[in-house]
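Down below is the structure, laid out as structure tokens.
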Amino acid sequence: MWPWGHLAVAYLLYTVVTHRRFGRPPRTIPAIALAVGSQTPDLIDKPLAWNFGILPGGRTLAHSLFVVALLVPTVVIVADRLEHRAIGVAFLVGYCSHLLADIPPAVLSGEFAHAAYLLWPVLEQPPEEPVAGIIDAILHYYALGPYEWVQFGLFAVAVLVWYRDGTPGLELVSDPLARRFGAQS
């Protein structure tokens, strides 16, 4: 899944939870933690596999449920100690939604080998075509098929919902820019 697909899935899931549980849209800092969490597995695995050759594939270490089993209690404990549980939970929602969103549609037809990354290193990941870095991945590795167009659609829906929610997180960028360039309040 592309980065914007992961962001869309995470935001749509998180906003439903916050609206149902708290009767409000996501708050700024948790929304940013959610966005970071939704990208983290790829920010770890893809460079370590594609650029440095340390991992055998772009969905291995940080995409493994074994890492999640260590990550979830660690983030919850740290977030509780810092008295920012909502931020930790938002990060984890983004992170875990990334792993689920990476499960390809082929799994629905019984091709479970494509989800073997969830149990890496116990299960070997299906072989990937070699990728010579992120630019090569964008140009050659990913295709624009129906699955990718669904992701664009999800992203469009997520942007509309984010706008309806009051664009949480945007003020951290827009307010300093307005002050920097002398815009009147």
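Quick one: angle between helix 85-101 and the longest Cα principal axis of the chain, in degrees between 0 and 90, rounded to 10, please.
40 degrees
Please work out how much length the chain gains when fully extended from VAL16 to ALA143, using 0.36 nm per residue of separation minus the C-alpha to C-alpha distance, in nm with one decimal.
Result for the pair: 42.7 nm of gain on full extension.
Among VAL76, ALA113, TYR95, whose Cα lies farthest out toward the positive end of the dipole of the chain, if unit charges sit on the beta carbon of Lys, Arg (+1) and Asp, Glu (-1)?
VAL76
At 7 Å along Cα-to-Cβ for each site, give me the label-to-label distance between LEU172 and ASN51 in nm.
So the two model labels end up 2.2 nm from each other.
For q = 0.14, 0.16, 0.22 Å⁻¹, what log10 I(q)/I(0) does region 1-109 give under the Debye formula with an equal point scatterer on each alpha carbon and no solvent?
Each listed q maps to, in turn, -0.58, -0.74, -1.20.
In degrees, nearest 10, range 0 to 90: what is the angle between the Cα axis of helix 171-180 and the longest Cα principal axis of the chain?
60 degrees
Per residue of region 25-35, in order, report the coupling 6.51 cos²θ - 1.76 cosθ + 1.60 (Karplus, θ = phi - 60°) as ³J(HN,Hα) in whole Hz, putting x for Gly and Pro.
x, x, 8, 4, 5, x, 5, 5, 4, 4, 4
How large is the dipole of the chain about the Cα centre if only Lys and Arg carry +1 and Asp and Glu carry -1, each at its Cβ, rounded to the nearest 20 debye?
Rounded to the nearest 20 debye, it is 840 debye.
If the viscosity is 0.692 mPa s and the temperature 37 °C, what Stokes-Einstein diffusion coefficient in µm²/s follows for the chain when Rh is the Kirkwood radius over Cα pairs?
184 µm²/s
Taking only DSSP H segments of four or more residues, each worth -39500 (n - 2.57), what value at 222 nm results for the chain once the sum is divided by all its residues, to the nearest 500 deg cm²/dmol?
-18500 deg cm²/dmol
Run the numbers for ARG179 and THR28: contour at 0.36 nm per residue of separation, minus the present Cα-Cα distance, in nm.
Residue separation times 0.36 nm, minus the Cα-Cα distance, leaves 52.5 nm.
Just going by the charge dipole of the chain, with Lys and Arg at +1 and Asp and Glu at -1 on Cβ, which of ALA62, SER174, LEU160 is farthest out on the positive end?
SER174
Read the figures in this text as sums done on the coordinates, not as results from a lab. The structure displayed is predicted, hence computed values, not measured ones. Positions of Cβ are generated from backbone atoms using ideal geometry, with glycine treated the same way; all protein chains shown enter the neighbour counts.
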